[in-house]
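Okay, structure first, notes after.
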Amino acid sequence: MTTAVPDALGSVGDYTLLERLAPAGPGDLFRARDTRHGRTVTVRILPESATPDDDVPPPFVVEAQRLTRFTHHNVTTVFDAGVQGGRAYLVFEFIKGRPLAAEVHGQPMPARRAVELAVQVADAIAEVHAAGFTQAGISADAVLVTDKGHAKIPISALSSASGFEAGPGARLRDYRAPEAPAGREADERSDVYSVGSLLY
């Protein structure tokens, strides 16, 4: 029996767009096919306003390209980033799962399971900091739990000095460090505060 191939929604770079996903962040989000490597990926195409100069990649694209060298089993892998047609795009690992908030669904988790996920998140954050990045957007909505039960920090929430941060859609206010509402730049200490809030 053969499976029908879904109609493509267009393409960007080497990626054929197959299905529009709920964005939970800036721009448009798609499930796509990587035609070079034959794998399913997620492509985020950012708004035109994010790329003011068509000839110069915005800083967060440069940072995303640097992140292609960063791997951790609890952090979404970045595969590619670039600019096409005046719009920046990011390509990263396609994950089947749901937000931690849905996993918790407003009730206390079993202690063993809570500790398991907490260790995964803390280890991921430590590796992110060691690589010179801050997460700057950790919350129960930003952390995903895969179908196999592993925690994943979406790469779209990572930030660095270049300012690539989680966009609209993530409910962050209950997890942000006190300096965030004041407009001060997030750093590693902000992440530690947010992880503590998440664990609580």
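The values are calculated or read from the model by the stated rules, or taken from the named source; none is laboratory data. For clarity, every value in this text was computed on a predicted model and none was experimentally measured. Every residue, glycine as well, gets a Cβ built from its backbone with ideal geometry; the counts of neighbours run over all protein chains shown. Just so you know, the surface numbers come from the protein's heavy atoms only, side chains and all, with ligands and any DNA or RNA stripped out. Shrake-Rupley method; radii C 1.70, N 1.55, O 1.52, S 1.80 Å.
Criterion first (surrounded by fewer than 20 Cβ atoms within 10 Å (Cβ to Cβ) and modelled with pLDDT under 90) does Ala4 satisfy it? Before you say what the answer is, go through the steps one by one.
Working: surrounded by fewer than 20 Cβ atoms within 10 Å (Cβ to Cβ): yes; modelled with pLDDT under 90: yes.
Yes; evaluated as a whole, the condition is true for this residue.
Every residue, every condition in (1) modelled with pLDDT under 65; (2) within 25 Å of Ile95 (Cβ to Cβ); (3) within 17 Å of the chain's Cα centre (by Cα), yes or no:
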position: Leu144; (1), (2), (3): no, yes, yes
position: Ile155; (1), (2), (3): no, yes, yes
position: Phe164; (1), (2), (3): yes, yes, yes
position: Ala180; (1), (2), (3): yes, no, no
position: Arg184; (1), (2), (3): no, no, no
position: Ser194; (1), (2), (3): no, yes, yes
position: Leu199; (1), (2), (3): no, yes, no
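If a residue has to be assigned to a loop (DSSP other than H, G, I, E, B), of a type in the set (Gly, Ala, Ser) and open to solvent by less than 50 Å² (accessible area, probe 1.4 Å) to count, how many in the range 73-121 make the cut? If you could, list the steps in order and put the result at the bottom.
In the first step, residues of the range 73-121 are kept if they are assigned to a loop (DSSP other than H, G, I, E, B); the result is 73-74, 76-77, 85-86, 94-96, 105-110.
Applying the additional criterion that residues be of a type in the set (Gly, Ala, Ser) yields 85-86, 106.
Remaining after also requiring open to solvent by less than 50 Å² (accessible area, probe 1.4 Å): 86.
Summing the residues that are assigned to a loop (DSSP other than H, G, I, E, B), of a type in the set (Gly, Ala, Ser) and open to solvent by less than 50 Å² (accessible area, probe 1.4 Å) in the range 73-121 gives 1.
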For this session: Working only within the range 14-28, note down all residues that are open to solvent by less than 50 Å² (accessible area, probe 1.4 Å) and modelled with pLDDT of 90 or more.
Result: Tyr15, Thr16, Leu17, Leu18
